[in-house]
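Notes for the one structure printed next.
The values are calculated or read from the model by the stated rules, or taken from the named source; none is laboratory data. For clarity, every value in this text was computed on a predicted model and none was experimentally measured. Note: ideal-geometry Cβ built from the backbone for every residue, glycine included; neighbour counts use all protein chains shown. Only protein heavy atoms, including side chains, enter the accessible area calculation; ligands, DNA and RNA are left aside. Shrake-Rupley method; radii C 1.70, N 1.55, O 1.52, S 1.80 Å.
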Amino acid sequence: MSRETCTIEANNGISLDARIFKPATIQQEEASETSLAIVLVHPYSVLGGCQGLMKGIARGLSNGGFPSVTFDMRGVGRSTGRPSLTGSSEIRDVIAVCKWVCQNLAANRILLVGSSAGAPIAGSAVDQIEEVVGYVSLGYPFGLTASILFGGHHKAILQSPKPKLFVMGTRDGFTSVKQLENKLKSAAGRVETHLIEGVSHFQMEGPAYDAQMVALITEFIRSLTDPSNTTRPRY
């Protein structure tokens, strides 16, 4: 695995600092999947979220043969501009990064992975990017309090017909299991969930769970290439 640094231009002169994690080797049996790249969207900028929180997952996915990209959204680290409270402006950052990935990494398919507040932001971008073939949420903040900030994003991902996986700890402080179930009842398309027993929101964001996140994301990617997969929501 190798890691490179680059700057990606978004709208209105915003420059985004990004890291590209490239697989060292690609197994022959994975050749049909090498056109897929993974873009990871970090937690809430306003509370200190940054791409560094996603590097463990990105590294693990890259070691598994998938080119992976992390980036600092506007106003974070070396990225220019200012973060928005609701993540509305950051949707354009996600779109810009995905377009860059398609043009520069020879990818014609993208899996979007969002963590915490990065999940609703990524979810709002899913149907605005033709090359996105699936979406993974790690701790989507569906709860009532979090919805004050991020409720405007819910409709986009729930109405998207693209395959979705929602991963959450059963002790998530922002969303209860019941709230997750109720939200996903109205979701379109193929929807899967994976609950991690006894784990809180911020625990799941920690490096101790990176390997488990990598395994779940990799399994989901494999299922996207299997036309016989008929998995439905799991609780």
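Which residues, taken from region 198-215, are aliphatic (A, V, I, L, M), surrounded by fewer than 19 Cβ atoms within 10 Å (Cβ to Cβ) and touching a residue at least 12 places away in the same chain (Cβ under 8 Å)?
Just the residues of region 198-215 that are aliphatic (A, V, I, L, M), to begin with: 199, 204, 208, 211, 213-215.
From the residues that got through so far, the ones that are surrounded by fewer than 19 Cβ atoms within 10 Å (Cβ to Cβ) too are 208, 211, 215.
Once the filter is applied, which keeps residues that are aliphatic (A, V, I, L, M), surrounded by fewer than 19 Cβ atoms within 10 Å (Cβ to Cβ) and touching a residue at least 12 places away in the same chain (Cβ under 8 Å), region 198-215 yields only Ala211.
Starting from residues that are closer than 25 Å to Leu111 by Cα and touching a Phe, Trp or Tyr at 6+ places or on another chain (Cβ under 9 Å), keep the ones in region 139-149 and report whichever is most open to solvent (accessible area, probe 1.4 Å). Among residues in region 139-149 that are closer than 25 Å to Leu111 by Cα and touching a Phe, Trp or Tyr at 6+ places or on another chain (Cβ under 9 Å), the one most open to solvent (accessible area, probe 1.4 Å) is Leu149.
Pairs are defined by a Cβ separation below 8 Å, a sequence spacing of at least 6 or placement on different chains, a first member in region 60-79 that is more than 13 Å from Thr7 (Cβ to Cβ) and at pLDDT 95 or above, and a second member that is basic (Lys, Arg) and open to solvent by 20 Å² or more (accessible area, probe 1.4 Å); the pairs so defined are Ser62/Lys22; Pro67/Lys22; Ser68/Arg59; Thr70/Arg19; Thr70/Lys55; Gly75/Arg82.
The set of residues from region 150-197 being touching a residue at least 60 places away in the same chain (Cβ under 8 Å), under 23 Å from Tyr44 (Cα atoms) and open to solvent by less than 50 Å² (accessible area, probe 1.4 Å) comprises Phe150, His153. Please tell me if Gly134 is at pLDDT 95 or above and part of a helix (DSSP H, G or I). Here the answer is no, as Gly134 does not meet what is asked.
The listed residues are Gly60, Gly114, and the only one of them that is small (Gly, Ala, Ser), under 19 Å from Glu205 (Cα atoms) and assigned to a helix (DSSP H, G or I) turns out to be Gly60.
At pLDDT below 95 and surrounded by 20 or more Cβ atoms within 10 Å (Cβ to Cβ) - does that describe any residue in region 13-33? Scanning region 13-33 turns up no residue that is at pLDDT below 95 and surrounded by 20 or more Cβ atoms within 10 Å (Cβ to Cβ). Within region 79-87, identify whether any single residue is open to solvent by 30 Å² or more (accessible area, probe 1.4 Å) and either small (Gly, Ala, Ser) or in contact with a strand residue (DSSP E or B) (Cβ under 8 Å, 6 or more places away or on another chain) (or both), and answer yes or no. The answer is yes, given that some residue of region 79-87 is open to solvent by 30 Å² or more (accessible area, probe 1.4 Å) and either small (Gly, Ala, Ser) or in contact with a strand residue (DSSP E or B) (Cβ under 8 Å, 6 or more places away or on another chain) (or both).
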